[in-house]
Amino acid sequence: MGSIKKLRLGVNIDHVATVRNARGSAYPDPVRAALIAQEAGADGITAHLREDRRHIVDQDITSIIKAIDIPLNFEMAATDEMKKIALAHEPHAVCIVPEKREERTTEGGLDVVKDENKLAHFITPLREKGCRISIFIAADDKQIKAARRIGAQVVELHTGAYCDLHYDKRFEERDAELSRLKDMASLAHSLGLEVHAGHGLTYETVVPIAELPEVVELNIGHFLIGESMFTGLKDAIFKMRELMDKARL
Ligand code: PXP
């Protein structure tokens, strides 16, 4: 079992932009959210520039990088358009995610096994620019081993299925998925990969994930932005952080 490191929190601010874009207005501003998250102790900001620009748009990436002092984790699909944008910005981290136009959010992890050669070539110039490459995958040993082979430094384990099963009250299946996440975090760590986790995490679901000793970073967005409507973003982040830190004790 790996040593217990402090768990970093990356705050995903995409859905501040979702609300802004719903009215085509200039507000609420994701840059302001990023600055509040930074003040509240976030270790990084995560933003996903989707092909259809449904939330974050190109100018947001430029403005966020300019405004924040903490690292940006730039989520993107493995397309030439996104690679060009990432190479122009050289963000601290690039997280490669699957993307389908019709999906509401990132459904499932990337199939690294299927596109192994293509992905290996795709990430090389990004790595050479010094970006930390993370691959968003399901808790599956074949995908983890393939992520290692293509030269990624990080895998982010998709916690969406675990969270959905929890809210569907399918507790046996949830626990089986949690057990997979646990085993796969351990496998990834043993292969020398840094392990992150994220998607769908809430106050109710975060603790068992934060307890996994190999996981060093969680990326959380939708719930925190939703909760911020009731408590403010700072308080929502404080509470999430408190739960994560307690789980780590
Ligand atoms: N990690 C990755 C790779 C993601 O694609 C997302 C969603 O953009 C998240 C974490 C955050 O998920 P959520 O918004 O459900 O907390």
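The values are calculated or read from the model by the stated rules, or taken from the named source; none is laboratory data. Keep in mind the model is a prediction, meaning the values are calculated, not measured. Methodologically, a virtual Cβ is constructed for each residue, glycine included, from the backbone with ideal geometry; neighbour enumeration extends over all protein chains shown.
Annotation note: of S186, S134, the sole residue that is of a type in the set (S, T, Y) and out of contact with any strand residue (DSSP E or B) (no Cβ under 7 Å at 6 or more places or on another chain) is S186.
A single member of R32, R54 is surrounded by 13 or more Cβ atoms within 10 Å (Cβ to Cβ), at pLDDT below 95 and among the basic types (K, R), and it is R54.
For residues that are in a loop (DSSP other than H, G, I, E, B) and under 14 Å from the mean Cα position of the chain (by Cα), scanning just the range 196-225, find the one that is farthest from the ligand (Cβ to nearest atom).
For the range 196-225, the residue satisfying everything is T202.
Residue selection: L110 satisfies the criterion of being crowded, with 19+ Cβ neighbours inside 10 Å, of a type in the set (A, V, I, L, M, F, W, C) and either within 21 Å of E217 (Cα to Cα) or in contact with a Cys (Cβ under 6 Å, 6 or more places away or on another chain) (or both). One residue is enough: does the range 108-122 have a residue meeting the conditions touching an Asp or Glu at 6+ places or on another chain (Cβ under 9 Å), closer than 13 Å to A77 by Cα and within 15 Å of the ligand (Cβ to nearest atom)? Within the range 108-122 (the criterion being touching an Asp or Glu at 6+ places or on another chain (Cβ under 9 Å), closer than 13 Å to A77 by Cα and within 15 Å of the ligand (Cβ to nearest atom)), the answer is yes, since at least one residue qualifies.
Residues of the range 40-50 that are touching a Lys or Arg at 6+ places or on another chain (Cβ under 9 Å) and part of a strand (DSSP E or B): G44 alone. List pairs: first residue in the range 145-160 and modelled with pLDDT of 95 or more and in a loop (DSSP other than H, G, I, E, B), second residue of a type in the set (G, A, S) and buried (at least 18 other Cβ atoms within 10 Å of the Cβ) anywhere in the structure, Cβ distance under 8 angstrom, at least six positions apart or on different chains. Every condition considered, the pairs that remain are A152/S134; Q153/S134; T159/A197; T159/G198; T159/G200.
Report the residue count in the range 51-73 for those that are in a loop (DSSP other than H, G, I, E, B) and more than 21 Å from S228 (Cα to Cα).
Of the residues in the range 51-73, 6 are in a loop (DSSP other than H, G, I, E, B) and more than 21 Å from S228 (Cα to Cα).
Taking the criterion of being among the acidic types (D, E) and within 19 Å of the chain's Cα centre (by Cα), the residues of the range 147-193 that qualify are E156, D164, E177.
Evaluating M229 against the criteria (1) of a type in the set (A, V, I, L, M, F, W, C); (2) away from the ligand (no atom under 11 Å from the Cβ); (3) farther than 19 Å from G108 by Cβ; (4) within 14 Å of the chain's Cα centre (by Cα) leaves one unmet condition, (4). Here D164 does not qualify as surrounded by fewer than 21 Cβ atoms within 10 Å (Cβ to Cβ), part of a helix (DSSP H, G or I) and away from the ligand (no atom under 13 Å from the Cβ). If you check P91, P98 for being in contact with a Cys (Cβ under 8 Å, 6 or more places away or on another chain), part of a loop (DSSP other than H, G, I, E, B), under 25 Å from I137 (Cβ atoms) and within 16 Å of the ligand (Cβ to nearest atom), only one passes: P91.
Candidates in the range 10-39 are the residues that are outside any helix (DSSP H, G or I) and among the hydroxyl-bearing types (S, T, Y); of these, the one that is nearest to G200 (Cα to Cα) is Y27. Touching a helix residue (DSSP H, G or I) at 6+ places or on another chain (Cβ under 6 Å), more than 16 Å from E156 (Cα to Cα) and either modelled with pLDDT of 95 or more or of a type in the set (G, A, S) (or both) - does that describe any residue in the range 167-188? Yes, because at least one residue in the range 167-188 is touching a helix residue (DSSP H, G or I) at 6+ places or on another chain (Cβ under 6 Å), more than 16 Å from E156 (Cα to Cα) and either modelled with pLDDT of 95 or more or of a type in the set (G, A, S) (or both).
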